[in-house]
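Since the structure comes first, as structure tokens, the remarks are kept for the end.
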Amino acid sequence: MDEKQRNSRAVRRAVALAATAVVAVTTGCTAQASGAGAGPAVTAGGVTKPAAPAFEAADAPSAEPSPDATPTKAPPKEPAAAPAPSRTEVPEPRPETEPPAPRTLMASGSGGDQVRELQARLRQIAHFNRTPTGHYGPVTAAAVSSFQDKRGLPRTGTTDTVTWDRLLGMTREPTRAELRPPAADPVAKPDPRCMKGRVLCISKTSRTLSWMVEGRVVSVMDVRFGSQYTPTREGTFEVYWKSRHHVSTLYDSPMPYALFFSGGQAVHYSSDFAARGYSGASHGCVNVRDEAKIASLFAQVRDGDKVVVHW
């Protein structure tokens, strides 16, 4: 190949290379950058750089807002509500349960075996110095009051559940002899006039009535007499009238189981004696405070039986 042909081929090759470069610039058919959607490469200073991805122009937010756009303001936030102060629940005070009030068991006017036991127990600790009678009168009330005072209890003279429980805790169960001592125990020596026949032997010294048959004591009971202004007569008499449901015509007061022996004076049951004991007095009659005993006596005594009232 001559020189001319070689130059001509070189020129054609150069033209072909230039055309290829132009086509490459206009069509952008270069290797894509890594990642889909990359833009055409840009050649600058002989160095080919990949163009920015095509999606950036459309998707990237503009740096400045459009002049026609109305700026939107976020609604002001309401201040958060302050947390409610913690409350410590204070339970309402519960009313204290008061102990039940003491219940009354025995009081003045009461009678029966429980009263007899009360008297026997009080006698064990030297608060009652008489023979148990089974009748709750002023003497028993005073003994109960004395016991309550010594134990720091209210001095009511009434035996309530508290007083009774305290007494039970300090004493033992009374024996039969303590509850019902022999009849001769409280009785004074009988008057000689009482040793024969059927006699109501009444002693003002021991304040007792002994029902005696041929010198033997059948029963004994506590009695009280008239005051100094209406004294009970002394001497030997006879029962001349029995009246089971008698009522005094002078004083309009009941005289149950009346055994009349001298005028208007009689041996009879007295509810006042049972309630008040020796703090009271009769209008001359011989009062008996044990209703059961006088009822039994009334059934046994006959008209004409002797009555002896002595000191």
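Hey, does the range 269-281 have a residue that's of a type outside the set (S, T, N, Q) and farther than 15 Å from residue 137 by Cβ? Step through it out loud before you land on a result.
The first filter runs over the range 269-281 and keeps only residues of a type outside the set (S, T, N, Q), leaving 269, 272-278, 280-281.
Next cut, farther than 15 Å from residue 137 by Cβ only: none.
Checked the range 269-281: no residue is of a type outside the set (S, T, N, Q) and farther than 15 Å from residue 137 by Cβ.
I'd like the residue in the range 222-264 that is closer than 20 Å to residue 304 by Cα and aromatic (Phe, Trp, Tyr) and, out of all such residues, is nearest to the chain's Cα centre (by Cα).
Only one residue tops the list, namely 257.
State yes or no: is residue 220 at pLDDT 95 or above, within 27 Å of residue 134 (Cα to Cα) and in the same structural domain as residue 286 (by TED's automatic domain parsing)?
Details: at pLDDT 95 or above: no; within 27 Å of residue 134 (Cα to Cα): yes; in the same structural domain as residue 286 (by TED's automatic domain parsing): yes.
For residue 220, the condition - at pLDDT 95 or above, within 27 Å of residue 134 (Cα to Cα) and in the same structural domain as residue 286 (by TED's automatic domain parsing) - is not met.
Mind checking which residues of the range 108-152 are under 19 Å from residue 221 (Cβ atoms), under 33 Å from the mean Cα position of the chain (by Cα) and of a type in the set (Phe, Trp, Tyr)?
Within the range 108-152, just 136 meets the criteria.
Just for the range 276-306: of the residues that are of a type in the set (Lys, Arg) and outside any helix (DSSP H, G or I), which one is surrounded by the fewest Cβ atoms within 10 Å (Cβ to Cβ)? Let's see the steps before the verdict.
If we filter the range 276-306 for residues that are of a type in the set (Lys, Arg), which is where we start, we get 276, 289, 293, 302, 306.
Subset that is outside any helix (DSSP H, G or I): 289, 302, 306.
On the way: 289: 25, 302: 8, 306: 18.
Applying the filter and picking the extreme gives 302.
With of a type in the set (S, T, N, Q) and closer than 14 Å to residue 261 by Cβ as the only criterion, which of 205, 236 stands out? Reasoning before the result, please.
Values: 205 fails: closer than 14 Å to residue 261 by Cβ.
None of the other options fit; the residue is 236.
Residues checked against (1) aliphatic (A, V, I, L, M); (2) modelled with pLDDT under 95:
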| site | (1), (2) |
| --- | --- |
| 126 | yes, yes |
| 177 | yes, yes |
| 204 | no, yes |
| 234 | no, no |
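Which one of these does residue 203 not meet: (1) of a type in the set (Gly, Ala, Ser); (2) crowded, with 18+ Cβ neighbours inside 10 Å; (3) farther than 19 Å from residue 309 by Cβ?
(3)
Working carefully through the options 279, 262, find the one that is small (Gly, Ala, Ser), within 21 Å of residue 191 (Cα to Cα) and in contact with a Gly (Cβ under 9 Å, 6 or more places away or on another chain). Don't jump to the end; show me each part of the working.
Working: 279 fails: within 21 Å of residue 191 (Cα to Cα).
One residue alone meets the criteria, 262.
Restricting attention to the range 222-258, and to residues there that are acidic (Asp, Glu) and surrounded by 11 or more Cβ atoms within 10 Å (Cβ to Cβ), which single residue is nearest to residue 210 (Cα to Cα)?
Taking the range 222-258 and keeping what is acidic (Asp, Glu), we get 222, 234, 238, 252.
Now restrict to residues that are surrounded by 11 or more Cβ atoms within 10 Å (Cβ to Cβ): 222, 234, 238.
Values: 222: 9, 234: 15, 238: 15 Å.
That would be 222.
The values are calculated or read from the model by the stated rules, or taken from the named source; none is laboratory data. What you see is a predicted model; the values in this text were computed from it and never measured. All Cβ positions, even for glycine, are placed from backbone atoms using ideal geometry, and neighbour counts span all protein chains on display.
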